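Structure first, commentary second.
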Amino acid sequence: MSKKPYQPAQQPLKSTMKIETTIDYIAALRPQFKDEIRGCSAEDISRLEQIFGRPVPPVYRSFLSYMGHDIGGIKAFYAGCFICQNVDFSWKRVLQLEKKAKQRLPPRFTLIGETREDPFESICLDEESSLHEPRVLRCTGGRDPGNAKQLLQGGGFEVALSLPEMLFAAAFLSFAFARHRVSVEMSQPERQPDGLRAADKLMRRMDFEQHPA
């Protein structure tokens, strides 16, 4: 799948579910989730805002308050076009990255984490992409959150329409999808005359079952 360059929303997006609601949904997948997450204190968030030089977006403040120190066992993360198995959304890591940054990101962007495997990209909120909820982007500039010029020139790729959406997708990958062993092997596939029916037969031979949805 080719990468689709990020484009700001042309029309305002309706507000999505809140972080609190997302936590309830995730707890339905993993009942112990609410006991595993650990949030930041008001002092922690204030310290981060001092480095940013501005308040953090309300949705990010809510995220930090509930799970800024521990995201509750979420491991896998859909990074837009690929799955990342190692991502860090912790308050501590964002603080470290911003401290060592040689320059700040433009005010419209807020660093919220990074992928911890190649290509080591930064995860940001873009507050100007919508009048309601900031979209989540990954910056191809790598770990350095000061690489703002490339981000503004189209170096960002969309991850999710909102932080709650990204969070639930990551939880689904980590807790629900991971329960089922998935193995796919393809070698020089040829077009079949009966199209989808042949593909269905192939998947059934590989012990895949059709999802009820």
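Structure notes:
- Residues (among the basic types (Lys, Arg) and touching a Ser or Thr at 6+ places or on another chain (Cβ under 6 Å)) located in the stretch 41-82: Lys75
- Residues that are open to solvent by 50 Å² or more (accessible area, probe 1.4 Å) and assigned to a helix (DSSP H, G or I) within the stretch 86-120 comprise Lys92, Gln96, Lys99, Lys100, listed in sequence order.
- Some residue of the stretch 57-69 being open to solvent by 10 Å² or more (accessible area, probe 1.4 Å), in contact with a Cys (Cβ under 8 Å, 6 or more places away or on another chain) and assigned to a loop (DSSP other than H, G, I, E, B): yes
- In the stretch 128-140, the residues that are modelled with pLDDT under 85 and open to solvent by 10 Å² or more (accessible area, probe 1.4 Å): Glu128, Ser130, Leu131, His132, Glu133, Thr140
- Gln50 meets each of the listed conditions (1) over 16 Å from Leu161 (Cα atoms); (2) touching a Leu at 6+ places or on another chain (Cβ under 9 Å); (3) in a helix (DSSP H, G or I) apart from (2).
- So Ile74, is it of a type in the set (A, V, I, L, M, F, W, C), closer than 19 Å to Val159 by Cα and in a strand (DSSP E or B): no
- Screening Ile71 against (1) at pLDDT below 90; (2) under 20 Å from Ala171 (Cβ atoms); (3) of a type outside the set (Ser, Thr, Tyr) leaves a single unmet condition, (1).
- Where Lys102 falls short, out of the listed (1) within 19 Å of Val136 (Cβ to Cβ); (2) in contact (Cβ under 8 Å) with a residue 24 or more places away in the chain: (1)
- Residues (charged (D, E, K, R) and touching a helix residue (DSSP H, G or I) at 6+ places or on another chain (Cβ under 6 Å)) located in the stretch 32-60: Lys34, Asp44
The values are calculated or read from the model by the stated rules, or taken from the named source; none is laboratory data. Values in this document were obtained by computation on a predicted structure and should not be read as measured data. When we count neighbours, we look across all protein chains shown, and the Cβ atoms used for this are built from the backbone with ideal geometry, even at glycine. What goes into the accessible areas is simple: the full protein's heavy atoms, side chains included, and nothing from ligands, DNA or RNA. Shrake-Rupley method; radii C 1.70, N 1.55, O 1.52, S 1.80 Å.
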